[in-house]
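**Student:** Pasting a structure below so you can have a look.
Bear in mind these aren't lab numbers, they're just calculated from the coordinates by the rules spelled out. Just so you know, these numbers come straight off a predicted model, no measurement behind them. Neighbour counts are summed over all protein chains in view; Cβ atoms, including those assigned to glycine, are modelled from backbone coordinates with ideal geometry.
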Amino acid sequence: MLLIVGTVPDPSLPLLHGRVRPKNRELRVENHRLAVSRGTPALAAAATATLTQLGLHEVFVILAADIGQGKGSRAVYQYLVSTLGHLSVDVLVFHYLQPDVDWHNKVLFAVDEMPRRPRLIADAGFMYAAKMSGHATAYDIFTPDRGELAFLADESAPHPFYTRGFLLHDHHSVADLVHQAYAHGDAPRWLVVKGETDYIADSGRIVASIAAPHWEPMEAIGGTGDSVTGILAALCAAQHDPLDACLLAALTNRWIGYIARPTPATQIAEFMDVLPEALVEAQRAGKERFKHGEG
């Protein structure tokens with residue numbers, strides 16, 4: 001089972017926990033409709049479309065409303081602490097939750113009580129909390145963009161707002177930032193660094209860079225980073241090796257842009273229609289790439 005945890009900026013939404021059902025470019029959870037625009041719904045939509053293409057259908061979410069005040073995040077944290085010990089999950093994804101080190105640690109303790117330990121993937125706010133808590137190595141995969149990687153690389157920063165200089169100076173390469181993050185135990189084994197070029201790191205070393213196919217307007221569309229994480233989570237739930245899943249997720253997201261040919265006004269929900277074709281193309285391209293020894 002793939003379980004995705006996060007929040008949605010919709011004040012009317014109660015705490016939801018249930019299976020995701022896609023319909024008409026929306027997601028249905030319990031009796032509620034979620035627009036697939038960006039954030040956790042975009043992640044869940046990409047994961048659902050990927051698993052459906054692979055012949056699997058088990059995507060579940062735990063969601064609550066949070067408009068930045070933290071109330072919904074705390075409700076999700078509390079629910080996780082009380083229920084995780086009773087759940088059997090293959091892959092557990094943490095997404096947009098307001099960073100709270102104390103609650104993060106309680107959730108991590110609850111993970112230790114689960115019948116079997118799932119693969120742990122963190123993005124966005126929960127990745128921040130994991131780094132701030134000193135427990136980043138308890139995870140399997142983080143999916144930062146370059147700015148978020150700079151926070152992971154700054155061992156002294158208590159919060160992303162205080163990241164020293166890295167965000168302002170391009171002379172710090174991704175390889176430098178990756179090395180720094182691992183040197184201080186602020187990264188899990190695998191990283192997918194999302195950007196104009198995607199980088200895959202394993203144990204502190206960049207093992208692949210993926211720059212093609214490239215469709216420039218993708219950079220301006222909100223939610224494309226979320227879709228990478230959703231595809232990655234689904235591939236891990238389908239028993240792909242984590243490194244293979246990281247590579248294939250990055251490639252698939254790029255093929256989505258190449259096939260869909262979006263403009264900056266394109267909505268992320270429109271990409272779900274071409275995701276199955278993009279996954280097939282990425283699998284083919286990946287086989288060719290690594291058959292010829294390319295990293």
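**Student:** Any idea how far the Cα center of the stretch 167-242 sits from the one of the stretch 84-131, in Å?
**Tutor:** About 20 Å separates the Cα centre of the stretch 167-242 from the one of the stretch 84-131.
**Student:** Give me the mean projected area, in nm² to one decimal, of the convex hull enclosing the Cα positions of the stretch 2-287.
**Tutor:** Hull-based average projected area comes out at 13.6 nm².
**Student:** Which one, A75, G125, W215, is farthest towards the positive end of the dipole of the stretch 2-287 when Lys and Arg carry +1 and Asp and Glu -1 on their Cβ?
**Tutor:** So the residue furthest toward the plus end is A75.
**Student:** I need the phi-derived Karplus couplings for the stretch 25-37: 6.51 cos²θ - 1.76 cosθ + 1.60, θ = phi - 60°, integer Hz, Gly and Pro marked x.
**Tutor:** 6, 10, 10, 10, 10, 6, 9, 10, 9, 10, 6, 8, 10
**Student:** Continuing with the same structure: Name the residues whose placed amide hydrogens come within less than 5 Å of the amide hydrogen of V8, ignoring near sequence neighbours (fewer than 5 apart) on the same chain.
**Tutor:** HN-HN under 5 Å from V8: A64, A65, D66.
**Student:** Of S12, L191, F94, whose Cα points farthest to the positive end of the dipole of the stretch 2-287 (charges on the beta-carbon: +1 Lys, Arg; -1 Asp, Glu; origin at the Cα centre)?
**Tutor:** With unit charges placed on the Cβ atoms, the residue in question is S12.
**Student:** Could you grab the relative contact order for the stretch 1-139? Cα pairs under 8 Å, six or more apart, rounded to a whole percent.
**Tutor:** Values: 263 pairs, mean separation 38.5, N = 139.
Worked out over the stretch 1-139, it gives 28 percent.
**Student:** Let me ask something additional. May I ask you to derive the relative contact order of the stretch 118-159, considering only C-alpha pairs under 8 Å and at least 6 residues apart, and to give it as an integer percent?
**Tutor:** Contact order relative to length: 45 percent.
**Student:** Taking θ = phi - 60°, what integer Hz values does the Karplus form 6.51 cos²θ - 1.76 cosθ + 1.60 yield along the stretch 257-269, in sequence order, with x for Gly and Pro?
**Tutor:** Values, residue by residue: x, 5, 6, 6, 6, x, 9, x, 8, 5, 8, 4, 4 Hz.
**Student:** Given only helices, namely DSSP H runs of n ≥ 4 each adding -39500 (n - 2.57), what is the per-residue ellipticity at 222 nm of the chain, to the nearest 500 deg cm²/dmol?
**Tutor:** Working: 9 runs with 118 residues, N = 295.
Value at 222 nm, helices only: -12500 deg cm²/dmol.
**Student:** Dipole magnitude of the stretch 2-287 about its Cα centre, charges +1 at Lys/Arg Cβ and -1 at Asp/Glu Cβ only, in debye to the nearest 20?
**Tutor:** 580 debye
**Student:** Right, something else. Please report the antiparallel percentage of the DSSP beta bridges confined to the chain, to the nearest 5.
**Tutor:** 50 percent
**Student:** Let me check against my output: what whole-number percent is the relative contact order of the chain, with C-alpha pairs under 8 Å and at least 6 apart?
**Tutor:** Here the relative contact order equals 19 percent.
**Student:** Using packing as a proxy for protection, rank 262-274, 123-135, 34-46 so that the peptide with the highest average count of other Cβ atoms within 10 Å comes first.
**Tutor:** 34-46, 123-135, 262-274
**Student:** With a 10 Å Cβ neighbour count serving as the proxy for reagent exposure, in which order, fewest first, do K106, K287 appear?
**Tutor:** K287, K106
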